[in-house]
Amino acid sequence: MLGCGCRVRPRPGAIVNPSSLCLNVGFPHGKRPYLRLLTLEDPVHRLARYASLAGIALSIGACGDGDLAAPTTMSTRPEANVTGASWVLLLEDDFQRGLDPLKWSTATNIPQGRAKVFADGGHAVLVNRGHLTTVAQFRPKALGGIRISGKWKFLGNGDDFLQILTRSNGFPGPSNPFGETAQGIEFVAFGAGVFEDPNAMYIQGRGHAAGTVTDLLSRGSLVLTTGKTYRFEVVDNGQAMSFTLTDSEDRTRFRTVTARSPYLGESNHVTFHNREYCCLGDHRARLDDVRIERSLQ
């Protein structure tokens with residue numbers, strides 16, 4: 001028999017996520033090829049080599065460890081798995097070589113001033129709402145969903161914000177008194193020292209997207225402190241969205257918020273920034289290991 005020799009079945013009584021199934025192709029000698037569904041949740045199953053056939057990822061060949069034809073990863077939480085189980089890498093940056101002008105643009109025209117964006121020691125540093133925006137556009141609906149992940153650390157005052165935008169135009173609004181991004185869907189987290197609402201997490205619209213976000217739900221609990229690294233994951237399929245933050249030292253500590261918005265971005269960049277200069281002074285944050293992926297459907 002050529003093809004996969006392992007015969008994996010879901011455990012009795014197991015809840016199988018339909019999006020976590022792959023197709024296995026077998027080629028018995030002297031018989032017609034057959035298809036078999038394998039669940040990726042079974043611990044004995046390992047990812048096999050992937051090939052593209054009519055837009056469907058098929059697992060072909062041995063069931064041992066192997067390289068992937070395209071980078072794919074799995075989300076372990078159903079809230080974050082909005083559009084599918086497998087993902088194809090579109091952009092990746094660890095900032096070891098600075099800010100790549102082919103990947104990123106910056107904007108620092110914030111009314112409060114003192115905004116900066118720069119690379120230092122293999123990290124991107126955002127100061128006082130300096131905007132870091134992708135040069136490329138990533139249209140969530142057209143791509144079948146996008147996922148943005150990476151690491152974030154508050155470096156300065158504890159009253160800072162983490163703000164990530166999809167469907168973004170990438171520029172501070174000229175009429176916004178705080179230098180917020182003019183257009184887009186914004187995924188927001190407040191540090192523990194924010195007086196107004198410490199440790200808040202939510203999703204909202206900016207500009208023409210304002211008022212389009214509905215069905216906001218939250219699960220989990222997380223305290224966001226200065227000096228600690230958090231892993232973030234944003235998933236946006238053009239309708240459903242999720243935003244997850246996880247303590248990098250303890251993955252049992254996380255919070256996820258989900259929402260929906262039909263807003264079609266006039267531009268579709270991805271933007272990162274923190275809070276403007278105010279209150280207790282400068283706000284500095286560190287961004288690292290950014291990945292932007294599209295759903296493999």
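Here are a few things to note about the model shown:
- Reachable lysines, given that their alpha-carbon falls under 17 Å from the alpha-carbon of Lys228 and they are not under 8 places away in the same chain: Lys151, Lys153
- Taken over region 163-233, the convex hull of the Cα atoms encloses 122 Å³ per residue.
- Gain in span if fully extended, Arg97 to Ser267, counting 0.36 nm per residue against the direct Cα distance: 58.5 nm
- The alpha carbon centroids of region 193-264 and region 132-154 are separated by 14 Å.
- Prolate/oblate/rounded call for region 190-297, Cα gyration tensor, a/c under 1.5 rounded: prolate
- A cut-off of 5 Å between modelled amide H atoms, ignoring neighbours fewer than 5 places along the same chain, links Leu99 with Ala119.
- Spherically averaged projected area of the convex hull of Cα atoms, region 112-208: 7.2 nm².
- Sorted peptide list for 156-166, 115-125, criterion being average Cβ within 10 angstrom, highest first: 156-166, 115-125
- Across region 98-106, rounded Karplus estimates of 3J(HN,Hα) from the backbone phi angles (6.51 cos²θ - 1.76 cosθ + 1.60, θ = phi - 60°) give x, 8, 6, x, 7, 10, 10, 10, 10 Hz, Gly and Pro being marked x.
- Taking amide H atoms as placed 1.01 Å from N in the peptide plane, the amide H of Thr181 lies under 5 Å from those of Gly173, each 5 or more residues away in sequence or on another chain.
- The ellipsoid that matches the Cα gyration tensor of region 89-295 has semi-axes, each √(5λ) in whole angstrom, of 22, 20, 18, with the longest given first.
- For region 118-175, the orientation-averaged shadow of the C-alpha convex hull comes to 5.6 nm² (one quarter of the hull surface).
Laboratory data are not the source of any read-out in this text; all were calculated from the coordinates shown. These numbers were taken from a predicted model, which means no experiment stands behind them. Cβ sites come from the backbone with ideal geometry, for glycine too, and all protein chains shown count toward neighbours.
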